[in-house]
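We did not get these values from a lab; they are worked out from the coordinates using the rules stated. Everything numeric in this text was worked out from a predicted model, so none of it was measured. Counting neighbours? That spans all protein chains shown, and the Cβs are built from the backbone with ideal geometry, glycine included.
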Amino acid sequence: MDIGESSYRRFLEGDEDALVEIISQYRLGLQNYINSVVNNLSVAEDLTEETFVKLLIKKPKHKNTASFKTWLYTIGRNTALDWMRKNPHGREIPIDEIMNVAAEEEQFLQLYIKDEEKRAVHDALESISPDYRNVLTLFYFEDFTVEEISKILKKSKKNTSVLLHRARKSLKNKLEEEDFIYENR
Amino acid sequence: MKTDREMANDILCKVNSMKEERRMMKNRMGRVAALSCVFALIFVAVFSLFIGGTTTDEKFASATSENTPPKKAFLMVANAAYETETVINKDADVTLPMGGILIAKDTKGMTFSEKDTVMLELKERLIQLYGKDCDWHLRGIQEDTTVYFGTADYLKVKIENPDSVDKISISCTDSGIITVSDKSKLGGSLSEYIKTIKQGTSITVTGKEYTEIYEKTDGICIEWFLSEIITDAFMTSPDMPLSEVEDEITISINYTDGSAEDYTVSFSFNDEGMLSAKCSF
């Protein structure tokens with residue numbers, strides 16, 4: 001059982017501190033993942049909060065075969081896709097807020113991605129296709145297995161492997177363009 | 001950036017206000033239903049007086065006849081998200097919408113992202129069907145043809161005296177695959193939330209299993225999905241009319257006193273892919 005599952009169980013039994021534990025454990029990773037879908041950190045923060053609300057308010061369909069984290073990220077992905085559907089052109093940021101957004105992004109990156117190499121990968125991800133960014137974020141930053149990713153993305157394992165392979169290739173090309181020494185994981 | 005504690009407090013506030021809203025909505029719906037019943041009764045009484053006799057509807061008469069033993073089981077279309085349960089075996093041959101929808105599209109050459117759009121289209125249609133967003137259970141295949149089936153409702157079999165149940169046999173044709181599960185109320189532990197008990201085209205739930213489920217969720221839940229045979233058929237013929245997909249779920253309940261009840265639920269889709277269920281017994 002992962003930590004999230006035991007915290008969630010305690011929360012359902014009435015321990016509100018357990019919710020803080022869940023948030024503390026998954027918030028930044030989930031936000032980073034949602035950001036890979038919506039490509040807007042401020043929106044990703046709102047959607048992360050919405051994902052936690054859904055976790056508590058809905059009658060979620062958690063499968064015993066999936067871990068709590070996989071389940072949470074699946075809800076996060078659906079929340080992000082819903083937002084994308086309602087906002088096909090993304091959210092426009094007023095020009096006087098751009099500096100604040102950039103500062104927030106920097107703060108987030110400092111908190112979540114401390115490793116220099118990971119920062120370089122994260123930056124490279126921004127310039128590849130959203131599908132590739134999505135799958136690589138789950139694989140490299142959130143440490144999900146191919147099987148878990150296939151559950152989150154609702155794709156077959158075979159399709160997920162193919163997607164991951166193409167995404168790695170695209171990322172490798174991008175990193176090589178920037179003289180980054182690429183090592184296979 | 002909010003602290004974790006601040007975020008938790010905001011989330012709890014939102015959750016509480018949503019629960020309150022849902023409770024008020026439920027009360028409102030309850031009042032509307034009660035008023036509708038009163039008006040319906042008045043209408044029946046006035047109509048009976050007007051035609052100079054009592055209602056003679058055969059179905060109603062046979063359902064209430066003293067010769068026909070009352071049904072022990074309630075067969076319902078249920079929705080966990082809205083906590084709604086509509087009994088479908090009170091009258092034979094009643095057709096009810098099932099809150100399910102099927103979509104099949106030729107997606108040869110599409111990117112993953114474009115195929116995802118197909119799924120969003122399905123969700124959009126489900127939202128239209130319900131009038132608002134809901135808890136979906138989506139299953140799909142994304143290959144040269146994308147086939148998705150989404151449901152929000154499920155069938156529920158409830159027998160109020162669980163000790164009277166010897167066994168429940170559930171089967172469907174090879175068009176579908178059924179999953180029998182319990183659906184615990186929110187408050188149970190996560191791993192116990194939905195416990196899939198059995199899956200296949202022919203399932204038997206023993207009396208002991210039913211009693212265990214009944215103690216937690218007061219009935220067994222039957223979810224239906226497309227079988228591989230149907231998805232394969234769409235793979236080769238993406239334009240196959242959705243209304244050609246149908247299935248029949250047979251539910252036989254054997255009681256410990258030797259009596260038995262049989263129900264048949266026919267699933268059919270209209271041309272738009274919307275699912276409905278008809279119960280006969």
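Using only Cα atoms, locate the centre of segment A:123-177 and the centre of segment A:20-39, then give the distance between them in Å, rounded to an integer.
The distance from the Cα centre of segment A:123-177 to that of segment A:20-39 comes to 17 Å.
Starting from the 7 Å offset along Cα-to-Cβ, what nm value, one decimal, do you get for the label separation of A:I3 and B:D163?
Inter-label distance under the simple model: 4.8 nm.
How high is the FRET efficiency from A:D143 to A:K169, r the C-beta distance, R0 25 Å, rounded to 0.05?
Rounded to the nearest 0.05, the efficiency is 0.75.
So what are the ³J(HN,Hα) numbers for segment A:34-44, from phi and the Karplus equation (6.51, -1.76, 1.60; θ = phi - 60°), rounded to whole Hz, Gly and Pro as x?
4, 4, 5, 8, 8, 6, 7, 5, 5, 5, 4
Averaged over its residues, how many other protein chain Cβ atoms are within 10 Å of peptide A:119-132's Cβ atoms?
1
Tell me, A:F144, A:F52, B:F74 in order of fewest to most beta-carbon neighbours within 10 Å?
Starting with the residue having the fewest Cβ neighbours, the order is B:F74, A:F144, A:F52.
What's the exposure ranking of A:V53, A:V37, going from fewest to most Cβ atoms within 10 Å?
A:V53, A:V37
If each residue of separation counts as 0.36 nm, what is the full-extension length gain between A:N39 and A:D15 once their alpha-carbon separation is subtracted?
This chain segment gains 5.2 nm when fully extended.
Calculate the FRET efficiency for B:A92 and B:D257 from the Cβ-Cβ distance with a Förster distance of 22 Å, rounded to the nearest 0.05.
0.40
What residues of segment B:208-226 lie in the reach of a label at B:K72, counting those whose backbone N is under 13 Å from a point 7 Å from the Cα along Cα→Cβ?
In segment B:208-226, the label zone of B:K72 (backbone N under 13 Å from the point 7 Å along Cα→Cβ) covers B:208, B:211.
For the pair B:D106/B:T3, report the inter-label distance in nm, with labels modelled 7 Å from Cα in the Cβ direction.
Here the modelled spin labels are 6.0 nm apart.
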